[in-house]
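Structure, as structure tokens:
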Amino acid sequence: MSTWLRNNALVASAALAAVLLTLAIALVAFYAPLDQDGLNQKIFYFHVPIALTAYACFGWGAWKGLLHLWKRTPGADLESYVAIHLGVIFGAMTLVTGSIWAKYRWGHWWLWSEKQLVLFLVLFLFYSAYFMLRFSVEPGPRQANLSAVYSLFGVVLIPISFLAIRLANAYIHPIAFTSHGPQMAGSQFFTFCVCLAAMLSLFAALYHLELAGKRLDAHLRELRELLG
């Protein structure tokens, strides 16, 4: 079974993502209760898991960058690139869903005075600039090394961005988890966990899909060079 999963990671992750996303949407729509914010509160179940998935993408990209620099693991540079690429996409989705939530709850799309918002934007822009660095250098060992170092520097911003939410004086983000556990009803917590699993599985599926495409493209280029 484990051998089949390794050989069919794309199929398995895509099937899991499809099931969990369907279940997550159904739970958010029909199972999770409303609170005083009404339907607008439902976006919490997507916004927070998307943000946590963006952190996971950047963290995975940094880990693969470390493996490239430390052990010269074959393919680690490409895997780091794909993870960061998806992290930027999930980061953009975080900013969009967060702005929608803020507009309806606080009447503003964005508040520059709030450090937790600005720090996530800095994190997003930092990783967006990763591509400017990567593609300004010719493909090869130097490009891979510089990209790996950049990904490792960026991962330092992740705990800073996360802690800014916890330590802010003005709690724009409601604190759903404390040292006493989740501050929500059981149905809300179950829905949140399914949504988080759905977003992580979506990342896994997209990660394997993009890796497969990039590797196929690399093989085709090699064939063209041999035939040419």
Notebook entry, point to check: ³J(HN,Hα) across region 20-31 via Karplus (A = 6.51, B = -1.76, C = 1.60, θ = phi - 60°), whole Hz, x for Gly/Pro?
Noted result: 5, 5, 4, 5, 4, 4, 5, 5, 5, 6, 10, 10
Next item on the list: Please work out whether region 87-127 counts as rounded, prolate or oblate from its C-alpha gyration tensor, where a ≥ b ≥ c are the square roots of the eigenvalues and a/c under 1.5 means rounded, while otherwise a/b larger than b/c means prolate and anything else oblate?
Entry: oblate
Check: What nm value, rounded to one decimal, do you get for the distance between PHE131 and GLU225 when each label is placed 7 Å out toward the C-beta?
Finding: 2.4 nm
Notebook entry, point to check: When the Cα centres of region 191-228 and region 107-122 are compared, how far apart do they sit, in Å?
Noted result: 32 Å
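Values quoted throughout were computed directly from the atomic coordinates according to the rules given, and no laboratory measurement underlies them. In this text the structure is predicted, and so the values were computed from the model without any measurement. Counting neighbours? That spans all protein chains shown, and the Cβs are built from the backbone with ideal geometry, glycine included.
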